[in-house]
Amino acid sequence: MMDKSLSLKSARTLQITYNLPISRTSKFWEGLKEGKVYATTCQKCGKLHFPPVADCGDCGSSEVEWTKLDGEGELVTFTEVFVKPASFSKEPSYIVAIARLKEGVKALAWLTGVEREDVNVGMKVKLVAKVTSDGRAVYEFVAV
Amino acid sequence: MGHSRFGDRSDVNLSELSFEAIQPSLETSGLTAKDVPYMALGSMGVWSEEPLPAVVIAEYCGLTGAGLVRCEAACASGSAAAFNAYSAIRSGQMDSALVVGVEKMRQIDTPTVLEMIGRAGYYMWEFENFGMTFPAYYAVHAVQHMAKYGTTEEDLALVAVKNHKYGAMNPLAHLQHEITVEKVLSSSMIAWPLKLYDCCPITDGAAAVVLASEEKVKELKVEDPVWIEAIGVASDTANLSKRETYVGLDASVRASRMAYRMAGISPKDVDVATVHDCFTIAEIMAYEDLGFCEKGEGATMVREGETELGGRIPVNVDGGLKAKGHPIGTTGVSMLAELTKQLREEVKPKMRQAPMKNYIALAHNTGGTGHYGYVTILRR
């Protein structure tokens, strides 16, 4: 019965590209292009935030300062994505890792330059800034 | 209550599929569509053409005029709709309400479904540059659980084998075939270490339940009502990186404790449970988070058959999300429909009926990767 299901292809298609506002965190994105990864520190309660924020949800203050992260960290968990979303279909499989940085915050990013078989929970990694071949400012983990 | 057949339902549109669940739910409760003052719909709907599904479904099913809302709590949207309707009745404003879950996920291609669900973490920090998928979000939990507690890929496979066993007994389930550990372990890699058979399928389906006040239940002369004793709600951070650990879901812990406290029960009082097994690791974490066992002992429960029929606490004996299927917003409502049948001891076929002692059932429904936590306790 299901093989005989009839359907119309919708005549109206939709392609959506979102604009992602970064005015209040622009130093983070500029920093990546200069090879630096910044977090923000709340000037009222001292909380370090990564990913960076313009407002501190912990205490409600909007007085935050930029703090450059050293990047050294220890891998907490990871996976390798084989079945990819439509917009990543051209990528080879990629390892996504979460690591705890020595400043105390954690980050999620791709772990590159290493095979999954050589990746272990607890291994030392470094969070580094990178500009991709198509000009996007990103950050990733590399093994150390 | 009403429940459509789950699966590839390309034979019906969103409204027709909803009708399959709504009409029986009205008939069995003694209401007509015109009597329903309020409908809460659980649906993500991003794979369907209708941006206002509650309105479209209400018109098709004769409910126009009722108060309407579509609730979003990702994969827990159905439970969110139930909480919304329950609150409307508890407030005294409504004497009854219809809770509907519907999803038509197979109207678009699979990579785009993965895209839509993968974006449903923290888009900016997890998807835009890193392409996280839902299997990947749960895979990072599996990896840490395995590293910390010695849980194995075989343990994960046992969850799938168990749930497929019951799915094969459920005529409404999407996947009605049994599988073996070997089949799970040799299935294609999705997000290491999760393989195809560690993952729930992409499913179409609808479910509906009617909720009513005590007074209305008497007026309708409902013979065998099942009562909502409690609905616990909680949440966790959008960014996975902001959580302390990945061996459990804190929102499940907190929602369940709230529900136990409200209902005045403890986990050992539960006769049967449905838990949110979108991935095999999720079921193992759920045993622990809900207090069915100590942290780190979830794999032991499945190894020893404690969550099978005849075990200490049967879990997902309808096939779970894993085999019954997981039409995102439908799941929470489907759980309520299944547990109502269990509590009334009218499960068909009889061989997957859980034995009742306290006549207490628990539904655990997670939205996102523990972003939304809902735990509902039912009693007959």
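Summary table below
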read-out: Leading residue by the ranking (nearest to the other protein chains (Cβ to nearest Cβ)) among those in region B:165-197 that are among the charged types (D, E, K, R) and closer than 24 Å to B:H145 by Cβ; value: B:K195
read-out: Positions within region A:82-100 being among the aliphatic types (A, V, I, L, M) and more than 7 Å from every other protein chain (Cβ to nearest Cβ), in sequence order; value: A:I95, A:A97, A:A99
read-out: Some residue of region B:129-137 being touching a strand residue (DSSP E or B) at 6+ places or on another chain (Cβ under 8 Å), within 12 Å of another protein chain (Cβ to nearest Cβ), of a type in the set (S, T, Y) and touching a residue at least 40 places away in the same chain (Cβ under 8 Å); value: yes
read-out: Qualifying positions in region A:21-51 - part of a loop (DSSP other than H, G, I, E, B) and of a type in the set (D, E); value: A:E34
read-out: Residues (surrounded by fewer than 23 Cβ atoms within 10 Å (Cβ to Cβ), in contact with a strand residue (DSSP E or B) (Cβ under 8 Å, 6 or more places away or on another chain) and of a type in the set (S, T, Y)) located in region B:246-267; value: B:Y260
read-out: Region A:61-82: number of residues that are in a loop (DSSP other than H, G, I, E, B) and surrounded by 20 or more Cβ atoms within 10 Å (Cβ to Cβ); value: 2
read-out: Flag if B:L26 is assigned to a helix (DSSP H, G or I) and more than 21 Å from the chain's Cα centre (by Cα); value: yes
read-out: Qualifying residue in region B:160-173 (condition: assigned by TED's automatic domain parsing to the domain that holds B:V317, within 22 Å of A:N120 (Cα to Cα) and among the β-branched types (V, I, T)); value: no
read-out: Residue within region B:333-342 that is in the same structural domain as B:S241 (by TED's automatic domain parsing), surrounded by fewer than 21 Cβ atoms within 10 Å (Cβ to Cβ), over 19 Å from B:G232 (Cβ atoms) and out of contact with any helix residue (DSSP H, G or I) (no Cβ under 7 Å at 6 or more places or on another chain) present; value: yes
read-out: Hey, B:S25 over 13 Å from B:Q107 (Cβ atoms), in contact (Cβ under 8 Å) with a residue 12 or more places away in the chain and either hydroxyl-bearing (S, T, Y) or in contact with a helix residue (DSSP H, G or I) (Cβ under 7 Å, 6 or more places away or on another chain) (or both) or not; value: yes
read-out: Options B:G30, B:G92, B:G7: the member that is surrounded by fewer than 23 Cβ atoms within 10 Å (Cβ to Cβ) and touching a His at 6+ places or on another chain (Cβ under 6 Å); value: B:G7
read-out: Count of region A:97-130 residues which are in a strand (DSSP E or B) and out of contact with any helix residue (DSSP H, G or I) (no Cβ under 6 Å at 6 or more places or on another chain); value: 14
read-out: Subset of region B:242-257 (residues that are over 21 Å from B:A82 (Cα atoms) and either basic (K, R) or assigned to a helix (DSSP H, G or I) (or both)); value: B:K242, B:R243, B:D250
read-out: Strands (runs of 3 or more DSSP E) lying entirely in region B:166-241 (those with 1 or more residues that are in contact (Cβ under 8 Å) with a residue 60 or more places away in the chain); value: B:204-212, B:227-235
read-out: Answer residue from region A:102-124, given it is of a type in the set (A, V, I, L, M, F, W, C) and within 10 Å of another protein chain (Cβ to nearest Cβ) and is surrounded by the most Cβ atoms within 10 Å (Cβ to Cβ) among those; value: A:L108
read-out: Some residue of region A:98-105 being β-branched (V, I, T) and more than 16 Å from B:E128 (Cβ to Cβ); value: yes
read-out: Residue match in region B:291-299 (condition: under 23 Å from B:A73 (Cα atoms) and in a helix (DSSP H, G or I)); value: no
read-out: Failed item in (1) within 21 Å of the chain's Cα centre (by Cα); (2) over 26 Å from A:K130 (Cα atoms); (3) in a loop (DSSP other than H, G, I, E, B), with B:L114 passing the rest; value: (3)
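The values are calculated or read from the model by the stated rules, or taken from the named source; none is laboratory data. Note that the structure is a prediction, hence the values are computed from the model and not measured. Note: ideal-geometry Cβ built from the backbone for every residue, glycine included; neighbour counts use all protein chains shown.
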